[in-house]
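The values are calculated or read from the model by the stated rules, or taken from the named source; none is laboratory data. Nothing here was measured: the structure is a model prediction, and the numbers come from that model. Here the Cβ positions follow ideal geometry from the backbone for every residue, glycine too, while neighbour counts run over all protein chains shown. Quick note on the areas: whole protein, heavy atoms, side chains included, nothing else; ligands and nucleic acids left out. Shrake-Rupley method; radii C 1.70, N 1.55, O 1.52, S 1.80 Å.
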Amino acid sequence: MSLLRLYPGGYRTAHGQEILDVHRELTMDLSWPARLRADADLIAHALRVRLGLDSASSGGRFFALATPFALAVTSAYAAIQLMRWYAGIALSPGSTWSHLATTDAREGLHLLSLAMMCAGGIAGLIRRSIPVVALAGLLGFALVWTIAPGLYTDGPPEAIAATLTAVVILACPPDRRGDRQFAVLAGGTAAVAWFPIALVDTRNFVFTTDYGAWPLLTLTSPA
């Protein structure tokens, strides 16, 4: 199993077969989304073993504290980018459908990764399980830069930041996920930071339904 290569050599030699057997048994009858979540758990465990992170270590406690804020920033950043995209369509003289019809595959992948980051980041703040959707969105966002760098205003730093954010989330010990106090604080902070940017970028049109209900739903979802 290729994922076992992520573990340090000595740990893989001592526990590799046991890990492989347990993983096969757990994923034997799972659907592909559940299998993907199990693979993400295995990757996260390999990363923590390689870095020497556990719940009792100072590094484990640091990543447990950082993860809710990483998820909150992920969802807020993605929401801002999606609002800017939607504002550009809603405020332009052309029709919405004409803009959508001219969206190419690269821009579509970019928007899909942002949507996954936004929804997955919010879900990750609510649930204790590993936020697979947010991780897939972050890594997809980083990969899309390699084929469509023109979509990234700040260039490579955006893709690098997305990758590092995914590493922070993966490094969090599983028994320290879902701390409600930190999740509420992180989500509230991100919403407060995102709100005025959304107002400026959309020229306040989020307060009307002339452009549909989507802006109002986006406005309330990160909060």
TODO: Test each condition in (1) farther than 16 Å from Arg127 by Cα; (2) modelled with pLDDT under 80 for Arg177 and report the one that comes out false.
DONE: (1)
- [ ] Have a look at Ala119, Ala123, Ala191 and point out the one that is modelled with pLDDT of 85 or more, closer than 26 Å to Leu51 by Cβ, of a type in the set (A, V, I, L, M) and touching a helix residue (DSSP H, G or I) at 6+ places or on another chain (Cβ under 9 Å).
- [x] Ala123
Task: Residue, most open to solvent (accessible area, probe 1.4 Å), within the stretch 137-176, restricted to residues that are among the polar types (S, T, N, Q) and within 18 Å of Ser75 (Cβ to Cβ) - done: Thr163
- [ ] State yes or no: is Thr218 closer than 18 Å to Leu82 by Cβ, surrounded by 14 or more Cβ atoms within 10 Å (Cβ to Cβ), modelled with pLDDT under 80 and among the hydroxyl-bearing types (Ser, Thr, Tyr)?
- [x] yes
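Looking at this structure, is Ala34 more than 20 Å from Thr165 (Cα to Cα), open to solvent by less than 50 Å² (accessible area, probe 1.4 Å) and either in contact (Cβ under 8 Å) with a residue 24 or more places away in the chain or among the charged types (D, E, K, R) (or both)?
no
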Open item on the list: Being free of Cβ contacts under 8 Å to residues at least 12 places away in the same chain and open to solvent by less than 30 Å² (accessible area, probe 1.4 Å) is the filter here; which residues of the stretch 37-89 pass it?
Closed with: Ser57, Ile89
TODO: Take the residues in the stretch 90-129 that are among the polar types (S, T, N, Q) and within 15 Å of Val144 (Cβ to Cβ), then tell me which one is most open to solvent (accessible area, probe 1.4 Å).
DONE: Thr103
Open item on the list: Filter the stretch 4-26 down to the residues that are surrounded by 15 or more Cβ atoms within 10 Å (Cβ to Cβ) and in contact (Cβ under 8 Å) with a residue 12 or more places away in the chain and list them by number.
Closed with: Leu4, Leu6, Tyr7, Gly16, Ile19, Leu20, His23
Open item on the list: Suppose the filter is open to solvent by 20 Å² or more (accessible area, probe 1.4 Å), at negative phi and part of a loop (DSSP other than H, G, I, E, B); does Asp29 pass it?
Closed with: yes
